[in-house]
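*Asks:* Can you read through this structure? Questions will come right after.
Bear in mind these aren't lab numbers, they're just calculated from the coordinates by the rules spelled out. Fair warning: this is a prediction, and the values are worked out from it, not measured in the lab. Neighbour counts are summed over all protein chains in view; Cβ atoms, including those assigned to glycine, are modelled from backbone coordinates with ideal geometry.
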Amino acid sequence: MRLLLRGSILVAAVFCVCSAAVCQTTAAPPVHKAIPWKQSCQPNGGFCFRYPSSWEILTDTLAGHGVVIAPAQKQDRSLWDEITIAMVAPPPEGDEEGIGLDGIIQQASSGLRESGQSFETLQRQQRTVDHKPAQLLKVQYREKSSGRDWIEVLVFIEGPDSEIYSVALKCAPENLARREPVLNGVLGSWNLPEPAPPAVAPDEELPVQPDPPAKPVPANPSPH
């Protein structure tokens, strides 16, 4: 009897262990709620885009023609990962020629080479953003002033009037995998809103034509 009781206890213990294992393997994984995105439109820059609600608009840049967005970070502000969205070259005036995508990339590369060392171009690619021609430039360098390693992913977009816009991610190399999906989301939502159609002026009222004068009726019409 004692042996049978021990056997029953052992079977029950094994059953409990197996049940717990089954529960652990069949438990549904935790559901991660998607972070909502917000929209921002820049009147001076003329563009709109969406960004995660957990990120913040830090400041205006380029005389109100752009903004910097970033998530909250613990280190000094100068070391934060960030994305800058801006108009970087206005439409040419008169007979001027626009700088073009190749020209703006050459300027950006030269500026980064001057401020950094160990400069390396990782990728250059033609893109399309909001049905407009664009080019991507991805570089890595070490900042001379701080000794910090950076990766920058710059996407330049040519507008309908030969103006140039930029959506640029700047982040630490180890954070690229986390920040690049946000950059792609901003690019996917970036657009130049269609201008509102001009207000149609109401038709001018036509002058009212006076009725023609009635013909006089004879007082005593002659009989036929």
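*Asks:* Can you compute 3J(HN,Hα) from phi for each residue in the range 77-83, using the Karplus curve 6.51 cos²θ - 1.76 cosθ + 1.60 with θ = phi - 60°, rounded to whole Hz and x for Gly and Pro?
*Replies:* 4, 5, 9, 6, 6, 7, 10
*Asks:* Now a separate question. Tell me, what ³J(HN,Hα) does each residue in the range 140-153 have, in order and in whole Hz, if you take phi through Karplus 6.51 cos²θ - 1.76 cosθ + 1.60 with θ = phi - 60° and put x for Gly and Pro?
*Replies:* Computed from phi, the couplings for the range 140-153 are 9, 7, 10, 5, 5, 5, 10, x, 8, 7, 10, 10, 10, 10 Hz.
*Asks:* Taking 7 Å along the Cα-to-C-beta vector as the label spot, tell me the Gln106-Cys48 distance in nanometres, rounded to one decimal.
*Replies:* So the two model labels end up 3.6 nm from each other.
*Asks:* Find how many whole Å separate the alpha carbon centroid of the range 108-185 from the alpha carbon centroid of the range 58-77.
*Replies:* Cα centroid of the range 58-77 versus Cα centroid of the range 108-185: 16 Å apart.
*Asks:* Then there's this: Give me the one-decimal nm value for the distance between modelled label points at Leu79 and Trp37, 7 Å along each residue's Cα-to-Cβ direction.
*Replies:* Placing both labels 7 Å along Cα→Cβ, they lie 3.0 nm apart.
*Asks:* Something else now. Multiply the residue separation of Arg178 and Lys132 by 0.36 nm, subtract the distance between their alpha-carbon atoms, and state the gained length in nm to one decimal.
*Replies:* Extending this stretch completely gives an extra 13.9 nm.
*Asks:* Taking a cut-off of 16 Å between Cα atoms, list the aspartates and glutamates near Lys170, but don't count ones fewer than 8 places away on the same chain.
*Replies:* Filter leaves Glu56, Asp76, Asp81, Glu82, Glu120, Glu143, Asp149, Glu152, Glu180.
*Asks:* Lys and Arg at +1, Asp and Glu at -1: add these up for the other residues within a Cβ distance under 11 Å of Pro90 and post the number.
*Replies:* For residues surrounding Pro90, the net value is -4.
*Asks:* On to the next question. Stretched out fully, how many nm does the piece from Asp161 to Glu56 gain, at 0.36 nm a residue minus the Cα gap?
*Replies:* Using 0.36 nm per residue and subtracting the Cα-Cα distance, I get 34.8 nm.
*Asks:* Using 7 Å Cα-to-Cβ label points, what is the Arg113/Asp95 separation (nm, one decimal)?
*Replies:* 3.2 nm
*Asks:* Can you give the extra length, in nm with one decimal, that the chain gains between Asp149 and Gln125 once fully stretched, where that is 0.36 nm per residue apart less the Cα-Cα distance?
*Replies:* Answer, rounded to one decimal: 6.4 nm.
*Asks:* Right, next: Aspartates and glutamates near Lys132 by alpha-carbon distance under 18 Å, same-chain residues fewer than 8 away left out - which ones?
*Replies:* Asp102, Glu158, Asp161, Glu163, Glu194
*Asks:* Read phi for every residue in the range 174-184 and hand back ³J(HN,Hα) as whole Hz from Karplus 6.51 cos²θ - 1.76 cosθ + 1.60, θ = phi - 60°, with x for Gly and Pro.
*Replies:* Per-residue couplings from phi come out as 6, 9, 4, 4, 7, 8, 5, x, 5, 4, 5 Hz.
*Asks:* Quick one: which residues, 5+ away or cross-chain, put their amide H under 5 Å from the amide H of Arg148? H built at 1.01 Å from N.
*Replies:* Under 5 Å from the amide H of Arg148: Glu143.
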